[in-house]
Amino acid sequence: DQQVKQNSPSLSVQEGRISILNCDYTNSMFDYFLWYKKYPAEGPTFLISISSIKDKNEDGRFTVFLNKSAKHLSLHIVPSQPGDSAVYFCAASGNQFYFGTGTSLTVIP
Amino acid sequence: DAGITQSPRYKITETGRQVTLMCHQTWSHSYMFWYRQDLGHGLRLIYYSAAADITDKGEVPDGYVVSRSKTENFPLTLESATRSQTSVYFCASSEGSAEAFFGQGTRLTVV
């Protein structure tokens, strides 16, 4: 049973607009929630994380929001750039890291 | 080189053969992980290790064996490769639950 779910396999956004990637989880005991970015033929690279005791974390163009009551997190990218085109994985951690299935983001110039 | 490295990057093997994928990290992280990435499944955990000589099963451990005699190395062995084990394999390490660092991946094809 998948503990972390990304229900949108793909997303297309115009350059300069906001990209919103969503993720749902089932286990309320997770300590951290993370977003990873993956380019083809490369390993996933860490993007941003949020502790379970916070509801927002911002790093430049990237902001992660956590809604614990809904067991939902989202990643906002503003403004979106063509170099942001990649697969984004959300993850939740406890004693191990649980990953979603990924969302492929395409930013159209 | 500092970081986490996997070898080989690409491997083709025959059904029934034993194959070992190597993972080496230079940070002395306590935790190490093996994931496989398949279309529609994302990253699925095969095995993980909390320290040297401590390993535990993940979501999809069948057909795989791991060992961790040294903190920096975490090899993954397919004892008798099957076509269903054709995948991209990623090793990762971490020193807690805040972040994991991934290797470049090994693309394994079983024919």
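Couple of notes before you dig in:
- Accessible surface computed residue by residue for chain B, with neighbouring protein chains in place and a 1.4 Å probe, gives 48 Å² per residue.
- In the range B:1-109, GluC sites (Glu not before Pro) in a DSSP loop with at most 14 other beta-carbon atoms within 10 Å: B:GLU14, B:GLU79, B:GLU95
- Whole-Å distance, taken between Cα centres, linking the range A:45-109 and the range B:80-111: 21
- Probe 1.4 Å, all protein chains present, accessible-area order of B:ARG36, B:ARG107, A:ARG61, largest first: B:ARG107, A:ARG61, B:ARG36
- Going from the chain on its own to the full set of protein chains, the range A:35-59 has these residues losing 20 Å² or more of accessible surface (heavy atoms, 1.4 Å probe, no ligands, DNA or RNA): A:TYR36, A:LYS38, A:ALA41, A:GLY43, A:PRO44, A:PHE46.
- Label point distance in nm, A:LYS54-B:THR13, each placed 7 Å from Cα along Cα→Cβ: 4.1
- In this structure, B:SER30 and B:THR109 have a Cβ-Cβ separation that, at R0 = 35 Å, corresponds to a calculated FRET efficiency of about 0.60.
- With all protein chains in place and a 1.4 Å probe, the accessible surface of the range A:44-109 carries 52 percent carbon and sulfur.
- 15 Å cut-off, amide nitrogen to a point 7 angstrom out along A:ASN27 Cα→Cβ, residues in the range A:62-103: A:91-100
- Surface share of carbon and sulfur [accessible, 1.4 angstrom probe, percent] for chain B: 47
- Estimated buried accessible area (total), pair A and B, 1.4 Å, Å² to nearest 100: 1600
- Each Cα pair under 8 Å and six or more residues apart adds its sequence gap; the mean of these over the residue count of chain B is a relative contact order of 35 percent.
- Over chain A, relative contact order from alpha-carbon pairs under 8 Å, at least 6 apart, %: 38
- Residue-by-residue Karplus 3J(HN,Hα) for the range A:54-69, coefficients 6.51, -1.76, 1.60, Hz, glycine and proline x: 10, 10, 7, 9, 10, 8, x, 7, 10, 9, 10, 10, 10, 10, 5, 5
- Annotation: per residue accessible area for chain A equals 48 Å², rounded to a whole number [probe 1.4 Å, protein chains only].
- Charges were assigned to the Cβ only: +1 to each Lys and Arg, -1 to each Asp and Glu. The resulting dipole of the protein assembly as shown about its Cα centre is roughly 320 debye.
- Minimum 50 Å² accessible area buried by the other protein chains, the range B:80-111 residues, probe 1.4 Å, relative to alone: B:SER97, B:ALA98, B:GLU99, B:PHE102
The values are calculated or read from the model by the stated rules, or taken from the named source; none is laboratory data. What you are looking at is a predicted structure, and each value in this text was computed from that prediction instead of being measured. Neighbour counts run over all protein chains shown; Cβ positions are idealised from the backbone, glycine included. Only protein heavy atoms, including side chains, enter the accessible area calculation; ligands, DNA and RNA are left aside. Shrake-Rupley method; radii C 1.70, N 1.55, O 1.52, S 1.80 Å.
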